[in-house]
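Remarks on the structure that follows.
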Amino acid sequence: MANKKEVIKKDNKKSLHLLLVYPDFLEGDTDKKSGGGSYSEGLASISAVVKQGGHNVSLMHITHCYSKEEYQKRLKKEFSNVDLIGFSTRTTAFEYVQELIKWTREIDKNIFLFCGGYHAILVPDEFMKIDGLNAVCVGEGEYPILELMDKMSEGKNYHDTLSFYFNTGKEIIKNPVRPLIEDLDTLPFPDIDLFDYKNLDSTKLNQALIMLSRGCVYSCTYCGNSQFRNIYPNKKNYARFRSPKKSIELIKRILEKYPNINTLNFRDAIFNMFPAWYNEFIDLYTKEIHLPFTCNLRFDIVKEEDVRKLKEAGCYVLDIGLESGDEEIRKKYLHRYTTDEQMINCYNWFNKYKIKVLTYNIIGLPYEDLHKALKTIKLNAKLKSDDMIPNIFYPYPMTILEDTARKGGFLREITPKTKVFIKQPQFPDHQVLFIVRYFKHFVKRYKWCFAKDTKFRHFMEKFYDFIVVGPLTPRRTLVFFAEVKKWARGIAKRILINYFPRVYMFLRNKKHGIKNVAKQAQS
């Protein structure tokens, strides 16, 4: 499969061709997605650095679970002239990536194969057990991959490349991890055209996904960031942002190239993580961009002034981690010490400045049960959350909460079709799925109960309590009907996004209260 037509670099050394393989579908949902899939900042950044170094990069964007025949057919047809293949591997796709490696080896027994991504940082030794895999990249991949390709093109020994583990067939070589890139301004802007950018799910809705930072200063027990930072020799600088000026320049470049973009979605872990950066960026954004946007915040570091500035800059939805409505679980197992009162206080600011809020919630946590999950539903109702995402807990390897689940005997074998990722006798799978599938339904009911202090509403609260946790509720049957509804809504959403995007955008903007978006984009 190696490139037969050698492209010559300026220094008369051969340019190599890297294929990045990106499995981009959710666990438990292996059907076709909307079509274009999602943007990956990490892969776009790797591509920019490798291309700047004189090599070639292409992408196989897998937006649904390919069969063996489908994968091999596409590999042979579209990507026959490549020299090495890198597989982007998140934890939930680890088993599937092993299949892809096996299928690739059936076509070419000699091509160099390596893996990288979040899961590679957490458990690199697991990758060294994969038959047919040559190496795993541990940590930030831009410059280690460029160094590897340069050495290969020059015919040099590459087994000493930092941030790589190698399986030579005779031994396993584990090189130290290269220091992380402390100044993100030194990186070239991400190569967004590695993707079919105009046809990504978000771009078709006139929205751009933006990442201005890397890392997080916090160590939540369920999040891989608590372990990611520990692999680097300069881990104290793990959380970083591009400078405000460079961040604005990046946004302007995207808007210039894709003028249809009229909303931005900042996917940084915590947008207000560093107050000095935040204040300078928001001021520049308000003056020079001022498009509607969404971003992530954290309850315990939100101030009213932050919320006011966000509103003035164009923020229309805030994403924020509520995680659990049970304070004991939050403190004991999640190490999140925000009280219910603090959350309610923040919501008063959000309501004051008319910013809608989407909460992230985790269901199926270790030692959780129906009663504790009900507290999460009720807290969302008390906060009057505008929208909610109830995620099912995933025990990411090497995290504190994964160790908690292990010690409790809750871990189970996970495949791409697994829906509930730990097995607990007090909170069986069908109960977890019942809470997740009917989460928004019950939040809406409890909002009504909490709206006024009347005896009838207190009675209805007790009635809904009985439905949620009572022994007579046919939860398995209700989950079945919810799965059918989810499937039907998924089809409808895909049809709207792919064939009637204006209708979908109208409905989305109406839901979030966005008005005159096109006019704001043009101004």
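Assorted remarks:
- Computed helical MRE - 222 nm, the chain, DSSP H runs ≥ 4 contributing -39500 (n - 2.57), nearest 500: -13000 deg cm²/dmol
- Descending semi-axes in whole angstrom, ellipsoid equivalent of the stretch 377-510, from the Cα gyration tensor: 28, 26, 15
- Peptides 419-430, 179-190, ordered by how many other C-beta atoms sit within 10 Å of their residues on average, highest first, read 419-430, 179-190.
- Environment charge at residue 238 (Cβ cut-off 13 Å; Lys +1, Arg +1, Asp -1, Glu -1): +3
- Largest-first ellipsoid semi-axes for the stretch 53-98, taking √(5λ) over the Cα gyration tensor eigenvalues, angstrom: 20, 16, 8
- Proximal charge balance of residue 172 [Cβ under 10 Å; K/R count +1, D/E count -1]: +1
- Computed with a 1.4 Å probe on the full set of protein chains, the accessible area for residue 96 sits at about 10 Å².
- Nearest-ten-degree value, helix 142-153 long axis tilted from longest Cα axis of the chain: 20
- Cβ-derived FRET efficiency at R0 41 Å, residue 70 paired with residue 407, nearest 0.05: 0.50
- Taken over the Cα atoms of the stretch 304-403, the convex hull encloses 105 Å³ per residue.
- The angle between the Cα long axis of helix 304-313 and the longest principal axis of the Cα atoms of the chain comes to about 60 degrees, rounded to the nearest 10.
- Using the Cβ-Cβ distance between residue 417 and residue 454 with R0 = 51 Å, the FRET efficiency computed as 1/(1 + (r/R0)^6) comes to roughly 0.65.
- The stretch 134-198, Rg to Rh (Cα coordinates; Rh as Kirkwood inverse mean 1/r): 1.05
- Here the stretch 345-384 is scanned for amide nitrogen atoms under 20 Å from the site 7 Å beyond the Cα of residue 444 along Cα-to-Cβ, giving 356-361, 374-384.
- Computed from the C-beta positions of residue 469 and residue 157, the FRET efficiency with R₀ = 56 Å rounds to 0.35.
- Taking 19 Å as the straight-line reach from the Cα of residue 331, the aspartates and glutamates in range (excluding those fewer than 8 positions away in the same chain) are 300, 323, 340, 341, 368, 369, 402, 403.
- Cα-based helix-to-principal-axis angle, 41-52 vs the chain, degrees rounded to 10: 20
- Of the two radii for the stretch 417-461, the radius of gyration is 1.19 times the Kirkwood radius, both from the alpha carbons; that is the Rg over Rh value.
- Cα-based shape type of the stretch 127-168, given that a ≥ b ≥ c are square roots of the gyration tensor eigenvalues and the cut on a/c is 1.5: oblate
- Read-out volume of the Cα convex hull per residue in Å³, derived from the coordinates shown; its label in (1) 185; (2) 172; (3) 159: (3)
The values are calculated or read from the model by the stated rules, or taken from the named source; none is laboratory data. As the structure is a prediction and not an experimental result, all values here were calculated from the model. In this analysis, Cβ positions are derived from the backbone assuming ideal geometry, glycine residues included, and neighbour counts consider all displayed protein chains. To get the accessible areas, we keep the full protein, side chains included, count just its heavy atoms, and leave off ligands, DNA and RNA. Shrake-Rupley method; radii C 1.70, N 1.55, O 1.52, S 1.80 Å.
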